[in-house]
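What follows is one structure encoded as C-alpha cells, with my remarks underneath.
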Amino acid sequence: MTKHPLKILLLLALLSACSSGTKNGENNRRQITISATKDSSVSDLMEYRFISLETSEECLIGHMADVQMHANRIFVLDSHKSSALFVFDQNGRFLTKVGTKGNGPGEYNHPQSFVIDLRTRSIVINDNNKKQLLYYDLDNYKHKYTKELPGYFQDMSILKNGKIALYSSAAIDQGDRSMNCLQICDSLLNPETTCFDVGFKSDYSFTLGGRNIYHVGERSFVFHNQIPTVYEIVDGGVKPYMDISFDAFSYPTIDYLKKESQGNKDYFLSLFQSGFISSYSIYESQELICTMFSRDMRQLYYGIYNKSNDKSYLYTREEFVRLFGSGLYVFFHSATEDLIIASVNPSFMGKPFSPHADLQVILNGFSPDDNPILCLMKSAGSN
C-alpha cells in the first residue's frame, strides 16, 4: 500500500454493475441491490462502438486514469507513464498535448484528475504533488493561470454554481482528525464547507480507478470506495442519493474500519483477507449505472443497472469477458450523459475469440505496443 496522496489503482477489468432499484422515502433515495444473472449476454444489454486511438511517440498512453469527451474531442489523462493530458479527435487521431510536465510555472508534476469547465472555457488539471489547479484554455490549450490548493486532494470538480468540490479519501485534517472527505470552496479556493463524514480516518487509500466525484446532468455526486452510500452534493453539504449493495457480498463495517486503521495502520492488508468488499467504483449516465467491485486482489465483479426498468446484472470478470463477446478485458473510465466510456487493451487478450466485426478491423493492424482502444457503451435500444 502507499500513503495518501498517492492512490493504488487496480485496473484489471470492466465492471458494469446493476441491480434492482427502489426509491426510499420522500428524498427519493434509491436502494440498489446488484444480483447475479446468468441469462443475459452483455451484447443484449448494451450497444457499443470502438475507437482506435492513434499511437505515436508524442502520445504514448501507459495508464488511462480518466477519459472525457467534449465537442468531438477525446481527452485522455495518463497519470503514470507520461503524466500528461492528451487530446484526440472523435476518430482517434492525435491532436495535441495539454500543458507540459515539469516544476516550473504553468507546468504540472503529477496530474491526478481533470475537469472541463464550460463556464470559463477551461481545462482544469489537479496536480496532487504541487497542490495546484492549473487552468488551460479549452480552445487553444494555452496555460491561463494557476490556483493554489489548500491541501492534497485526489479528486476535484466544479459544481453548477461555480464552486469547487475537493475530495480526499484520507479525510480532511482540520486539527481534530476530522473524518470528513469533501471540502467545498468558492471559485478562489477559499474553503466554505467541510462535509461527507465517512466515520473513520486513514492516510491509506485503495480504488479500482475512476472518479470519486461525478456528474449526471447538473447534479453532482460523491462516494467513498469502502462506504455503500452515494451522496449528492447540494448547497451547504451533501445528502444521501443511493445505497448500493452487491448480492451476498458485504461491505466492511465502520467499527471494523476504525479498528483496522487505528494508529494510521495500513488496513488493506487485513481487508483483502476479510471477505468484505475491498473497493468499488461507479460510472453513471442518464440510463445506466455501471460499477465494478473487488473482494480481494484476485477477483473482480462487473454489473449493469438499467434505470428505466430497474433490471440488474452481475458477472465475474471471466463471465463478463465471455458474454461481452470480445475475449478482451474491458475497463471503465468515466461516463457522459449518454455513454459509459471504457477501453479494451489487446495486450491483455484472453482465450481465442471471435471479436465484433468493427473491432476485428482495428485488431487486424494492431500492435501490442499501441494505445488502448476506446469502447463507448450505451443501453441497447436507446437513441
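Read-outs: derived from the displayed coordinates by stated rules, not from any lab. Remember, predicted model here, so these are calculated numbers, not experimental data. Here Cβ is always computed from backbone atoms with ideal geometry, including for glycine, and neighbour counts include all displayed protein chains.
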| said: Taking the number of other C-beta atoms within 10 Å as the exposure measure, put T253, T193 in order starting with the fewest. | reply: T253, T193
| query | Hey, what do the phi angles of segment 201-207 turn into as Karplus ³J(HN,Hα) couplings, whole Hz, using 6.51/-1.76/1.60 and θ = phi - 60°, x for Gly and Pro? | reply | 10, 7, 7, 9, 9, 9, 9
| task | Using θ = phi - 60° and the Karplus relation 6.51 cos²θ - 1.76 cosθ + 1.60, list the HN-Hα couplings for segment 53-58 in order, rounded to whole Hz, with x at every Gly or Pro. | result | 7, 4, 10, 8, 4, 7
| remark: Applied in sequence order to segment 274-290, the curve 6.51 cos²θ - 1.76 cosθ + 1.60 (Karplus, θ = phi - 60°) yields integer Hz couplings, x standing for Gly and Pro, of 7, x, 6, 4, 8, 5, 9, 9, 10, 9, 10, 10, 5, 9, 10, 10, 10
| task | Quick one: which residues, 5 or more positions from G209 or on another chain, have an amide H under 5 Å from its amide H? H modelled 1.01 Å from N in the peptide plane, none for Pro or chain starts. | result | L10
| Once the Cα atoms of segment 8-379 are picked out, what are the Rg and Dmax in Å? | 19.9, 58
| task | Take L269, L189 and order them by how many other Cβ atoms sit within 10 Å, fewest up front. | result | L269, L189
| task | Please arrange M297, M377 by counting, for each residue, the other beta carbons lying within 10 Å of its beta carbon, fewest first. | result | M297, M377
| query | How many nm separate the modelled label positions at K142 and E54, each set 7 Å beyond the Cα in the direction of the Cβ? | reply | 2.3 nm
| remark: Stretched fully, the stretch from K259 through T96 gains (0.36 nm per residue minus C-alpha distance, one decimal, in nm) 53.9 nm
| Nitroxide proxy distance, nm - points 7 Å out along Cα→Cβ at K81 and D266 | 2.6 nm
| task | Name the long-range amide H neighbours of K144: under 5 Å, sequence gap of 5 or more, or other chain; modelled H, no Pro or chain starts. | result | Y135, Y136, D137
